[in-house]
Amino acid sequence: MQEVFLAIGMTIACTILLSLYRAVSGPGVFNRAAAVNVIGTKVVVLLVIVGYIFERPMFVDIAIAYAALNFIGTLLMSKYLERGEVCSP
Amino acid sequence: MFALIETVVDVLTTAFLIFGAFFMVTGAIGLLRFPDFYTRLHATGKCDTLGEVAILFGCMIYSAYHGMPFVVFKLLCIILFFFIANPTGTHAIMKAAYKTGVKPWRVGEERR
Amino acid sequence: MNRKDFLSVVVTFLIMYVFWLLLSACIGSHHGIDYIRVVGGLICAGIVTAFSHKHRLLFTGKEEKVLTKAYRFIFYVPWLLWQIILANFDVAYRVLHPKMPINPRIIEFDTTLRGDVSRTTLANSITLTPGTITIEVKGSRFWVHAIADKAAEALLVDKTMQKKVAYVFMEF
């Protein structure tokens with residue numbers, strides 16, 4: 001079963017590299033913001049699979065924390081791009 | 001007898017993992033191929049959600065058989081959070097682009 | 001502090017504490033109960049409850065017949081999962097086809113749903129099923145970006161999803 005997890009982990013790492021191309025060369029700021037959101041999603045999956053490869057169940061806690069951080073970061077970025085400020089009185 | 005159940009669990013886990021990885025690769029290819037910002041968000045915001053849920057469900061089955069009950073609960077929490085958070089993030093960034101004036105693409109124009 | 005405030009504080013504290021105990025796994029670590037995690041959970045759950053019990057997620061006093069709606073919602077989720085799987089195959093076909101048959105446009109329509117929770121459920125379901133993404137919601141008017149003709153028609157002409165959400169939340 002270790003070989004299956006290793007193969008899936010390498011596939012997801014390759015898709016992260018593919019999305020990095022869109023983050024570097026997207027024309028404008030919205031393409032780059034969307035690509036960063038996608039990379040955050042794939043990193044959560046990669047963390048869980050690496051936890052299964054090394055047989056340490058602690059990586060799932062880190063994945064929960066990073067999923068919450070990525071969500072808040074995307075919402076904050078889109079709020080700033082829409083209004084020009086983050087906290088409106 | 002237990003060897004049979006272990007083989008069935010292994011086959012089910014591999015099937016879910018390959019199903020999820022196929023949809024994640026499709027999402028990344030869609031991010032590169034589509035001609036406009038709005039259509040690229042279509043490809044990633046949906047295929048990514050389904051692929052991630054499938055991969056985490058396969059890992060849940062694997063660790064439910066090998067006797068780690070707390071890991072099953074934590075993975076279930078991530079899955080429930082993802083069903084609500086990923087579409088909301090996609091909608092938020094698309095609303096910001098629409099309000100700022102990014103024009104949608106029609107058939108027959110060039111790539112942007 | 002009247003009775004409803006006290007009830008909401010107690011329920012919020014209990015839910016936060018049970019969630020902490022399940023996430024930190026203080027029972028199954030093979031050498032008994034770890035008292036540092038138990039006491040730390042009391043402190044952290046107390047701090048979170050002190051900051052957030054005024055926002056009242058559960059006992060807002062505005063909804064009725066909650067059990068019927070929850071029971072119908074449990075039957076709505078498998079239908080949604082099946083629609084997600086079916087239509088994701090359609091998006092994968094459009095991505096991998098060498099000619100890429102897409103035809104995007106923006107459509108707008110009105111709904112008859114009236115509450116906040118049911119409109120949020122409808123917007124989330126529209127974004128989850130492939131082919132459509134909700135762009136904006138203003139009052140009861142939805143702006144939706146669709147990627148092909150078939151998906152846009154299923155939302156405007158058939159109205160299957162709106163009827164199902166209205167049935168779950170009892171014709172809001």
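With respect to B:LYS99, determine if the residue is surrounded by fewer than 16 Cβ atoms within 10 Å (Cβ to Cβ), outside any loop (DSSP other than H, G, I, E, B) and among the charged types (D, E, K, R). Full working, then the answer.
Working: surrounded by fewer than 16 Cβ atoms within 10 Å (Cβ to Cβ): yes; outside any loop (DSSP other than H, G, I, E, B): yes; among the charged types (D, E, K, R): yes.
Here the answer is yes, as B:LYS99 does meet what is asked.
Can you pull out the residues in segment C:104-140 that are of a type in the set (Gly, Ala, Ser) and under 19 Å from B:ASP48 (Cβ atoms)?
Taking segment C:104-140 first, the residues of a type in the set (Gly, Ala, Ser) are C:115, C:118, C:123, C:125, C:131, C:139-140.
The answer is C:ALA123, C:SER125, C:GLY131.
Somewhere in segment A:7-28, is a residue assigned to a helix (DSSP H, G or I), over 19 Å from B:LEU17 (Cβ atoms) and in contact (Cβ under 8 Å) with a residue 24 or more places away in the chain?
No, segment A:7-28 contains no residue that is assigned to a helix (DSSP H, G or I), over 19 Å from B:LEU17 (Cβ atoms) and in contact (Cβ under 8 Å) with a residue 24 or more places away in the chain.
Restricting the search to segment B:14-38, which residues are surrounded by fewer than 22 Cβ atoms within 10 Å (Cβ to Cβ) and either among the β-branched types (Val, Ile, Thr) or in contact with a Cys (Cβ under 8 Å, 6 or more places away or on another chain) (or both)?
Within segment B:14-38, B:THR14, B:ILE18, B:VAL25, B:ILE29 meet the criteria.
Among the candidates C:VAL144, C:VAL77, which residue alone is under 16 Å from B:ALA43 (Cα atoms), modelled with pLDDT of 85 or more and within 19 Å of the chain's Cα centre (by Cα)? Before the answer, list the steps.
Numbers: C:VAL77 fails: under 16 Å from B:ALA43 (Cα atoms).
The unique qualifying residue is C:VAL144.
Within segment B:25-43, which residues are in contact (Cβ under 8 Å) with a residue 24 or more places away in the chain and under 19 Å from B:HIS91 (Cβ atoms)?
Correct list: B:GLY27, B:ASP36, B:PHE37, B:TYR38, B:THR39, B:LEU41.
Would you mind stating whether B:ILE55 is over 20 Å from C:ILE135 (Cβ atoms) and either modelled with pLDDT of 90 or more or not charged (D, E, K, R) (or both)? Write out each step before concluding.
On the way: over 20 Å from C:ILE135 (Cβ atoms): yes; either modelled with pLDDT of 90 or more or not charged (D, E, K, R) (or both): yes.
Considered against the rule, which asks whether it is over 20 Å from C:ILE135 (Cβ atoms) and either modelled with pLDDT of 90 or more or not charged (D, E, K, R) (or both), B:ILE55 comes out as yes.
Going by the conditions given, is B:THR44 within 12 Å of the chain's Cα centre (by Cα), within 11 Å of chain C (Cβ to nearest Cβ) and not in a loop (DSSP other than H, G, I, E, B)? Steps first, please.
On the way: within 12 Å of the chain's Cα centre (by Cα): yes; within 11 Å of chain C (Cβ to nearest Cβ): yes; not in a loop (DSSP other than H, G, I, E, B): yes.
Considered against the rule, which asks whether it is within 12 Å of the chain's Cα centre (by Cα), within 11 Å of chain C (Cβ to nearest Cβ) and not in a loop (DSSP other than H, G, I, E, B), B:THR44 comes out as yes.
Going by what's in this entry, would A:ILE53 be described as under 14 Å from the mean Cα position of the chain (by Cα) and either closer than 30 Å to B:TYR62 by Cβ or β-branched (Val, Ile, Thr) (or both)?
Details: under 14 Å from the mean Cα position of the chain (by Cα): no; either closer than 30 Å to B:TYR62 by Cβ or β-branched (Val, Ile, Thr) (or both): yes.
Against the criterion (under 14 Å from the mean Cα position of the chain (by Cα) and either closer than 30 Å to B:TYR62 by Cβ or β-branched (Val, Ile, Thr) (or both)), A:ILE53 does not qualify.
For residues in segment A:48-89 being part of a loop (DSSP other than H, G, I, E, B) and either surrounded by 18 or more Cβ atoms within 10 Å (Cβ to Cβ) or among the charged types (D, E, K, R) (or both), which is farthest from the other protein chains (Cβ to nearest Cβ)? Even if it seems obvious, please write down each step before you answer.
Kept after step one, since they are part of a loop (DSSP other than H, G, I, E, B), are these residues of segment A:48-89: A:54-58, A:84-89.
Retained after the next criterion (residues that are either surrounded by 18 or more Cβ atoms within 10 Å (Cβ to Cβ) or among the charged types (D, E, K, R) (or both)): A:55-56, A:85.
On the way: A:GLU55: 10, A:ARG56: 11, A:GLU85: 13 Å.
By that ranking, first place goes to A:GLU85.
If you check B:ARG33 against the conditions, is it basic (Lys, Arg) and more than 10 Å from chain A (Cβ to nearest Cβ)? Give the steps one after another, and end with the answer.
Details: basic (Lys, Arg): yes; more than 10 Å from chain A (Cβ to nearest Cβ): yes.
Yes: the conditions hold for B:ARG33.
Six or more apart or on different chains, Cβ atoms under 6 Å: show the pairs whose first residue is in segment C:13-41 and within 10 Å of chain B (Cβ to nearest Cβ) and whose second is modelled with pLDDT of 80 or more and assigned to a loop (DSSP other than H, G, I, E, B).
none
The values are calculated or read from the model by the stated rules, or taken from the named source; none is laboratory data. Treat the numbers as computed from the prediction; the structure is a model and nothing was measured. Glycine gets a Cβ as well: all are built from the backbone with ideal geometry, and neighbour counts include every protein chain shown.
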